[in-house]
Each structure stands twice: as C-alpha cells, then as structure tokens.
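Below is one structure; the comments refer to it alone.
The values are calculated or read from the model by the stated rules, or taken from the named source; none is laboratory data. This is a predicted model, so every value here is computed, not measured. Using ideal geometry, Cβ is built from the backbone for each residue, glycine included, and neighbour counts are taken over all protein chains shown. All accessible areas refer to the heavy atoms of the entire protein, side chains included, with ligands and DNA or RNA removed. Shrake-Rupley method; radii C 1.70, N 1.55, O 1.52, S 1.80 Å.
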Amino acid sequence: MERMSRRTFITAAGAAALGGTLALAGCAPSASGNGKSGTTAADGAWVGTGMGKHGEIEVETVVKDGAITRINVLKSRETQGMGDTAIDELSQLIIDNQTLSVDTVSGATLSSMAFLAAVGDGLNQSGAKATDWQKRTHATLSLDESMPTSADVIVIGAGGAGFAAAITAANAGKKVILLEKMGIVGGDTSLSGGEMAVPGNWIQKKNGVADSPEQLAADMLKGGDYKGDPELVNVIANGTLDSSQWLTFEGGVSWEHDLLFFGGHSVKRSIIPKGHTGSEMIVKLNKRAGRISGLTVVKNMRATDLVKDKSGSVTSVKAESQLTGDSYTFTGKAVVLACGGFGSNVDMRVKYNPDMDAKILSTDSVAATGDGVTMGSAIGANLIDMQYIQTYPTCDPESGSLLYVDDMRLESLAIMINKEGKRFVEELDRRDVLSNAIKKQTGSMAYMLWNQNAADKTGLLEDHADEYENLESRGIIIKADTLAEAADHFGIDAAQLQKTVDAWNGYCKEGKDPDFNYRDTMTPIDGGPYYINSYKPAVHYTMGGLHINTNAEVLDDAGAVIPGLFAAGEVAGHKMGTNRLGSCSMADIYTFGRIAGAKAVAFAG
Ligand SMILES: Cc1cc2nc3c(=O)[nH]c(=O)nc-3n(C[C@H](O)[C@H](O)[C@H](O)COP(=O)(O)OP(=O)(O)OC[C@H]3O[C@@H](n4cnc5c(N)ncnc54)[C@H](O)[C@@H]3O)c2cc1C
C-alpha cells in the first residue's frame, strides 16, 4: 500500500471539510439504511470517517426524514477536553441547524475538520451530497447571552494557571469570570505531559528516595545558570507538594504509579498524571470549575486591553468575541493574567532573541502568542528575561510536536545517537545542553534507540499509540528485529551503532558510564525488536515575561507593584533563569496560580 503522509491525511480531511469532495482515500465506510439515491439523505445510520489529529475518527450520522437527528462518535482518539469538546459542540450545531456550513472550533481545528469530513462522508453514503449540505445556511456557535460581565476577579486564560487562580478565588466566595480566547480550554497545559516536579511526593516516599524543596530549588537555580530569582524559585519549590495535593483533592486529578527523571534534576521526582497527559488535569479542573457557583468560564473571548480605574488600579478587561467580533468590557476589582507564553509568536521571539526565527518549529499551542506580555507592557509592566527561550530537544522533525514516545529517555531506558552511530551527550542532561549538542550533529538531527523490553516496561507506546502510528506512517520511527535493519532505515552507521550498544551494555554491567557519566541506573539494550526515531529541537517554553514578586503581583519598570494586577504561569518570567528544568512548569503554574487567585481575592476585598 502506498504510504500516505500525515500531511496528506490532514489535507484530505481539510479539503473535504472546507467544501471539497468528501470521498476520502483509503476509507471504506460501512453504512446501513434504505439506500435511496438522490440528494435527500436516506433514513438510516451512516458511518463515515475522517483523519483527525490523533488518527482516524469514525462517526455514525443518524438520518430520519431527510434530517440529521443524532451523531454518534464510534471511534476517536482526539485529545480529551479538546477534540471531543469540539466534536460535541459541532454535533449540536449541525443537528440544530441542519447544515454542514459551520466553522471549526478554534484550538481544535484538525479534530473539527476530521469530524465534519466524517459526517459528510456519512451523508454521501446516505445518497445525499455533502457538498450540498456545505452550501446550506451558515451556522455559528453563539455566545451565552446570560454571560456575566462583572465580577470580583477577572482571570485571563483558561490553562493550568488560570484554572488554579479562578477556582481558588471562587472557593473564597468571590464572583469570578475566566476568559478564554479559544473555543476550547487548556492551552499548553492540555498539550503537555503534565509531569510535575514534586519533592517529598508519595512515590518517592514509598521508594525511599530522599528529596526536599531545598534540593529542588538548588537544581532549578543551577539548571537556569543562577539567573532565576531565588525568592520566586523558593515559592515554587516549597509550594509544589501542596499544589499536587490540591490537584488531587480539589481537582480530582489521578496519577500514574511511576516517576520520571527529567534532565538536570538531581533525583527522580516528577509525578505523572494519568495517561501521561496534562489534559487529565484540564478535563478535571474544567469539570470542577463548572460545579462552583460564582465561577463563569467564557470561551471564544479574547482579552485585548487592561483597564485601570481612577485610582490607578487594574480592575477591568476589554475583550473581543471571537465568534461575533463584538467588543465587551468585563469589570471587576482585580485581574489575573494567566495567558501562557509566546512560543508560537515568531515576531515576538525574534524581537527578543534573533536566533529563534521561523526556521525553528514550535511544540506550543497556536494560542501561545504572548498576549499577556503585550497587554501588561501596554500599561507599564516590566518585562524580564525575554531573551531566554527554550527549545525542547526531541521533537518531530516535520511538525515540531514534542515526541512523547521519546519519554523512554526520561524513563532512563533509551540512548541518544547520531548518524555516525555514536552517543554524543549524556541523555539526562539539561534541555539546552541536549539541544545545542543535537544542532552540532550531522543534519542538525539525532536519533533515539531503545528496545522492546523498554517498551513493555513503560507502556509508553500504548499510551501514545496515536503518535507512534503517525510517526511510523511517515518513516520517522522504525521497529526492526535487528539493530542493523533499524540503523539502515535512517542511514545510520550500523557497524558503529553495534559497537556503541555493546559498549553501553558493558557500562550497564559495571554501573559506570566513562563516556558521558550517565546519572541514573543504566539498563542494557540487549535484544530486539529495536526502535529508532529521528528528532530535532523545537521552541518549547519562554522563560521571560511579566516581572512579578512572590505575591504574584505584577511590577512596573521601577519595581513598584501595579495595583490590582496579578500574573501566574508561563506569562510571568524570572523563575527559570536561562533554562527551565523539565516538569517545573507544572510546579510553577499551580503554585503561583493559586497564590495569584488568593492575592486577587485579598485585593478585591
Ligand atoms: C507539548 C508540551 C509538553 C509539555 N510538557 C510539560 C510537562 O510535562 N511538565 C511541565 O512542567 N511543563 C510542560 N510543558 C510546559 C507547560 O505545559 C506550560 O509551560 C504550561 O502549561 C503553561 O501553563 P499556563 O497556564 O501558564 O498557560 P497555558 O496552559 O498555555 O494557558 C494559557 C491560556 O490562555 C489563553 N489565552 C492566551 N491569550 C489570551 C487572551 N488574550 N484572552 C483570553 N485567553 C487567552 C490560551 O488560549 C490558553 O488557554 C509542556 C509544554 C508543551 C507545549
């Protein structure tokens, strides 16, 4: 069978959804119904398919008397809380308006396109023409007219930091409005692995691992070349255990019974949400938020300006509906900025660090455009550390997506090699060290090697089966019975690779890595099948942002507090120095998110 690239899949689905033919190559949808021909949809349950972000989705479109009465998703691996939310909203829109002329849900564009293609595919099976349905009267999601526009605290950005701030403030009895510019909540937090550095966590205790907040703070400061603010770092290091418990007991988040060893940390201390994904956190926090009276989440509402009252306090937010283009003002008594970083804003990246141009792809959400930085600086907030931009070392060389199968490295079960078949760096070193080392290899590219034992031990390939299949379809990952076969696929020097693996296995026996001084227990790679994948660094995290103090208050150029304005999460800088250690953002966003919420409550009075 001809290999169909991921891009081809997406293009096919996209063209279909946007008005092209809905006959999807490679799909053989099954259908049941009375099979009438003509342009009216025949009664029945018609099954169609589309290619989403995480593989094929299968949808059953139920038709009665020519109208769509129900749409059932039969198969989908779209991200929880993102793709499935978009699909639910579009289903309702289609049924209510009997049209396929609808917009995709922002933040879940690929899932939306795949879903629309699948419904169209089903309609074609029914004897109707999907293209006719796409020409029907256009329908859009509508704003909830009962939406409040005044509250005590306005929070901007419904990612991890925003939910932490909003839930904390609402639990304190305040009226809270949480504004989100996309059609779905979650931001980078949903895309993330959700792994969180927590010294003294329950798994460390069970395994007898000694650790402390002081040790985490020392690692973070060292990992950021001592450019981070020690006071802010201490707040994170001392607050993260409590934040993890808040996520568990207030949020209802579930965790894996395992830890990851992130580069630059001195001990294994990072807890993992269920399914190795931050969407576990967002789905649960969103649900929790929905049950707290006084907390309203307003989606598709982009904050554009911060407004000060006569006394100079920031109290209100101007915003624009992304559905209608209408302007709104949300009035409150305090404002929390939780809009995330600027990894997807190439102009902003280049303005502060010319090396971070468009040639470097990004792992981040399209929403990570630095809006908080723009709004804050417009009213005099100080920006700090803006030049420090982190690349993640092991990303999809074609799309920039962070590769979760490569967490095999963080499980201490994989080695990094180059085209010449040699190791070139200590696999658990800092992200900037790894990224710089990869850039110096042939083709500015490198490869990860592990074997079936590692795959079985971690279950990572099952957890990220969609990613695996996607990479395999494009030849970016290979599974082979022999090392030579796997090496040949990428043109890696197979003879040298065998020597490298033999040497590694020898080091494992001796418990010592004389080449790069590997910091964790080493596991031999002895016996196939073998897996190799290629990767490149991509922009991942922006260490700079709004200057805050330990109360999450935003400071101006003179170091004075801007009254009423708080910031938390990636939008706030000076915590990670030149380089963030993996899993420290989760420790940060939930700790400072909760502080920002509590301090905003106190300010609101
Ligand atoms: C693929 C990936 C994997 C990662 N894995 C990890 C990990 O395992 N552990 C870890 O610690 N860190 C990880 N990170 C980093 C971490 O996910 C982020 O730093 C963190 O989620 C940022 O949280 P936040 O709440 O500050 O911002 P976000 O989660 O990005 O939320 C910001 C929200 O604000 C909204 N917004 C932006 N502008 C506006 C506006 N003008 N008006 C209204 N809303 C707006 C956005 O749409 C978004 O929903 C990862 C990042 C990525 C991209």
For Lys575, list long-range residues whose amide hydrogen, built 1.01 Å from N in the peptide plane, is under 5 Å from its own amide hydrogen. Asp229
Violations at 27 Å Cα threshold for listed pairs Lys135/Lys359; Lys422/Lys479; Lys181/Lys536; Lys274/Lys318; Lys181/Lys287 -> Lys135/Lys359; Lys181/Lys536; Lys274/Lys318
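Per DSSP H run of at least 4 residues, take -39500 (n - 2.57); add these up for the chain, divide by its residues and hand me the 222 nm value, nearest 500 deg cm²/dmol. Before the final figure, lay out each step's value.
Values: 19 runs with 202 residues, N = 605.
Using -39500 (n - 2.57) per qualifying helix, the result is -10000 deg cm²/dmol.
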For the peptides 359-365, 63-69, 574-580, 183-189, what is the packing order when you average, over each peptide's residues, the other Cβ atoms within 10 Å and list the highest mean first? 183-189, 574-580, 359-365, 63-69
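Whole number in Å², please: accessible area per residue of the range 457-530, 1.4 Å probe, ligands, DNA and RNA not counted. Walk me through the numbers on the way to the answer.
Working: 3750 Å² over 74 residues.
On a per-residue basis, 51 Å².
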In a shell of Cβ-Cβ distance under 9 Å around Tyr404, excluding Tyr404 itself, what net charge do Lys and Arg (+1) and Asp and Glu (-1) give? -4
Could you name the aspartates and glutamates whose alpha carbon sits less than 14 Å from that of Lys205, not counting residues in the same chain fewer than 8 places away? Asp258
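Please figure out what share of the DSSP beta bridges in the chain is antiparallel and state it in percent, rounded to the nearest 5. Show your work: numbers first, answer last.
Numbers: 62 of 81 bridges.
Antiparallel bridges: around 75 percent, rounded to the nearest 5.
Excluding ligands, DNA and RNA, what is the solvent-accessible area per residue of the range 122-177 at a probe of 1.4 Å, expressed in Å²?
Details: 2150 Å² over 56 residues.
Accessible area per residue, the range 122-177: 38 Å².
Counting other Cβ atoms within 10 Å of each Cβ, which GluC sites (Glu not before Pro) in the range 373-468 have at most 15 and sit in a DSSP loop?
On the way: sites: Glu398, Glu411, Glu420, Glu426, Glu427, Glu462, Glu467; in loops: Glu398, Glu411, Glu420, Glu426, Glu427.
Counting only loop positions with at most 15 other Cβ atoms within 10 Å, the GluC sites (Glu not before Pro) in the range 373-468 are Glu398, Glu420.
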Under 10 Å from the Cβ of Tyr388, count the other residues' Cβ atoms, weight Lys and Arg +1, Asp and Glu -1, and hand me the total. -1
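Kindly identify the chain as rounded, prolate or oblate by the Cα gyration tensor criterion: order the square roots of the eigenvalues as a ≥ b ≥ c, call it rounded if a/c is under 1.5, otherwise compare a/b with b/c, prolate if a/b is larger, else oblate. All intermediate terms of the calculation are to be shown ahead of the outcome.
Numbers: a/c = 1.93, a/b = 1.05, b/c = 1.83.
Cα axes put the chain in the oblate bin.
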Of the accessible area of the range 188-227, with the probe set at 1.4 angstrom, what percent is carbon plus sulfur? 56
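Of the accessible area of the range 434-542, with the probe set at 1.4 angstrom, what percent is carbon plus sulfur? Kindly include the intermediate steps, with their values, before the conclusion.
On the way: 2180 of 4760 Å².
So the carbon and sulfur contribution to the accessible surface is 46 percent.
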For the residue pair Asp556 and Trp202, what label-to-label distance in nm results when each label sits 7 Å from Cα along the Cα-to-beta-carbon direction? 4.7
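I'd like the trypsin sites (Lys or Arg not before Pro) in the range 89-138 restricted to DSSP loop residues with at most 15 other Cβ atoms within 10 Å, sorted by number. Don't jump to the answer; show the numbers that get you there.
Details: sites: Lys129, Lys135, Arg136; in loops: Lys129, Lys135, Arg136.
Of the trypsin sites (Lys or Arg not before Pro), the ones in loops of the range 89-138 whose Cβ has at most 15 other Cβ atoms within 10 Å are Lys135, Arg136.
Quantify, in whole percent, the carbon and sulfur part of the accessible surface of the range 64-186 (1.4 Å probe; protein heavy atoms only).
Working: 2050 of 4480 Å².
The computed percentage sits at 46.
Taking the Cβ of Val59 as the center, what net charge do the other residues with Cβ under 10 Å away carry, scoring Lys and Arg +1 and Asp and Glu -1?
Working: positive: Lys75; negative: Glu58, Glu60, Asp121.
With Lys, Arg at +1 and Asp, Glu at -1, the net is -2.
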By a straight-distance test (C-alpha under 20 Å), which aspartates and glutamates pair with Lys129 as possible cross-link partners, with residues fewer than eight away in the same chain excluded? Asp43, Glu58, Glu60, Asp65, Asp96, Asp103, Asp121
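By average Cβ neighbour count within 10 Å, what is the ranking of 106-114, 331-339 from highest down?
Values: 106-114: 25.4, 331-339: 29.0.
Result, highest mean first: 331-339, 106-114.
On average, how much accessible surface per residue is there in the range 265-357, in Å², for a 1.4 Å probe, leaving out ligands, DNA and RNA?
Numbers: 3880 Å² over 93 residues.
Accessible area per residue, the range 265-357: 42 Å².
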Spacing of the two label points (7 Å from each Cα toward its C-beta) at Ala480 and Gln98, in nm: 5.8
Quick calc: nm separation of the 7 Å Cα→Cβ label points for Lys318 and Arg70 -> 4.9
Which aspartates and glutamates have a Cα less than 19 Å from the Cα of Lys227, not counting those fewer than 8 places away in the same chain? Glu214, Asp219, Asp385, Asp429, Asp432, Asp557, Glu570, Asp588
Long-range amide H partners of Lys333 with built H, under 5 Å: Val153, Ile154
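Roughly speaking, what is the stretch gain from Asp515 to Glu420, that is 0.36 nm per residue apart minus the C-alpha to C-alpha distance, in nm to one decimal?
Details: separation 95, 0.36 × 95 = 34.20 nm, distance 1.60 nm.
That pair, Asp515 and Glu420, stretches by 32.6 nm at full extension.
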Cα centroid of the range 423-479 to Cα centroid of the range 205-230, whole Å: 26
